[in-house]
1. Efficiency by 1/(1 + (r/R0)^6): what FRET value for His262 and Ser169, r their Cβ-Cβ distance, R0 = 45 Å, to the nearest 0.05?
2. Quick check: the distance between the Cα centres of the range 50-115 and the range 158-183, to the nearest angstrom?
3. I want the local charge near Asn9. Using Cβ-Cβ distances under 12 Å, sum +1 for each Lys or Arg and -1 for each Asp or Glu among the other residues.
4. Decide, for the range 178-314, between rounded, prolate and oblate: order the square roots of the alpha carbon gyration tensor eigenvalues as a ≥ b ≥ c, take rounded if a/c falls under 1.5, and otherwise choose prolate if a/b is larger than b/c, else oblate.
5. Could you tell me how many degrees, from 0 to 90 and to the nearest 10, lie between the Cα long axis of helix 202-217 and the main elongation axis, the longest principal axis, of the Cα atoms of the chain?
6. Taking the Cα centre of the chain as origin, sum charge times position over the Cβ atoms of Lys and Arg (+1) and Asp and Glu (-1), and report the length of that vector in debye to the nearest 20.
7. Where Lys and Arg each count +1 and Asp and Glu each count -1, what net charge lies around Thr99 among other residues with Cβ under 15 Å from its Cβ?
8. Per residue of the range 242-254, in order, report the coupling 6.51 cos²θ - 1.76 cosθ + 1.60 (Karplus, θ = phi - 60°) as ³J(HN,Hα) in whole Hz, putting x for Gly and Pro.
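Here, each number is a calculation from the coordinates, and none is a lab measurement. Here the structure is a predicted model, which is why all the values come from computation and not from measurement. Using ideal geometry, Cβ is built from the backbone for each residue, glycine included, and neighbour counts are taken over all protein chains shown.
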Amino acid sequence: MVMNAPIENGTIALIGGVRRIFCDGYWIKVYDPPANSLRAKKQLIQALTRRLFNHVEHGINIPGKRLEDARKAYEAEQDPARKRVKGAMLAGALFNRATDIFTKLVELQELGIEIETDNALMRECGFCLQEALSLGKLVLHRSGEEGIDELWGEPFRAFSIPVEAFYDSRIIKIAQTLRDIDRLSEVMSATFAAVPMYEGIQPSITRFADAAKVKCETLRTDPDIFDVWSDFVVASEELAAFSPRLPHCATAAEQQQATDGHNLLQQGRDLVTYITRARVPMPKSTREFIERCETFSARARMQDRPALAGPLSC
């Protein structure tokens, strides 16, 4: 829910029986973080590792124990395309090596062993993450469009700051994601509203965006997730099933416009789904999708206006 009143970020209120926190114009569902224990940190780091590999391209989840093999393969590769893939695999191995170290350090702390920040393993972990971050630009999202750089540094932050502070920082990312979902929804609605054959699609776009925002703020452990995920999937399917209204003797230009519009609609739906699941913005993909919408709108305006504005029948 977007609020126009000047409310300070971090304000918590009970809205509709749900505890929410205000951040950058949005009231976001807030959860109590787990206790700031070593066990909680270990579980969080492991979850963040799974989260990263769940959203990046397949095949780069290389175990940390194979780091040197991955490095040799990367350094020996000469073909640029293959080197990018092997660089992504090396990034994955480095990331896993770092989280392996984090996990073991937490286990040592559980045994009462104090780990100083200048510990050799901590430095090794930092080097691994730093190199993984530098190679992370080679790693693509599973869509193949761009990477999600923000996921690479999260385990280090989870280890370095209190658990509660880490969860607080996630609220900012969720607010940014909600903003981009709204932005994409507005662009899609404006784009298709100008094309008569897509009349009536705006409610489906709005329902999908609303369901996406609810999904974005809802944790998988929330009891409401069964309804939330079902609503999101149904709204997504409804949007994908929308068919432009063409006359039975549609011109080649109208048929092409319907095809282009359908492809654009699927791309928008997929992009909203990607950022909803990742709960972080995808600026490059968002920018490029908006550019495609502008191109589609410009082509629609160039077509025969009387034909577009006339009745959708022969």
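1. On the way: r = 39 Å, r/R0 = 0.86.
E between His262 and Ser169, to the nearest 0.05, is 0.70.
2. Each part's Cα centre sits 24 Å from the other's.
3. Details: positive: none; negative: Glu8, Asp24, Asp168.
Here the count lands on -3.
4. prolate
5. The angle comes out at about 10 degrees.
6. For the chain, the charge dipole is close to 360 debye.
7. On the way: positive: Lys41, Lys42, Arg50, Arg51, Lys65, Arg66, Arg97, Lys104, Arg157; negative: Asp100, Glu107, Glu124, Glu131, Glu154.
Once positives and negatives cancel, what remains is +4.
8. Each residue's phi maps through the Karplus curve to give 5, 10, x, 8, 10, x, 5, 10, 4, 6, 4, 5, 5 Hz.
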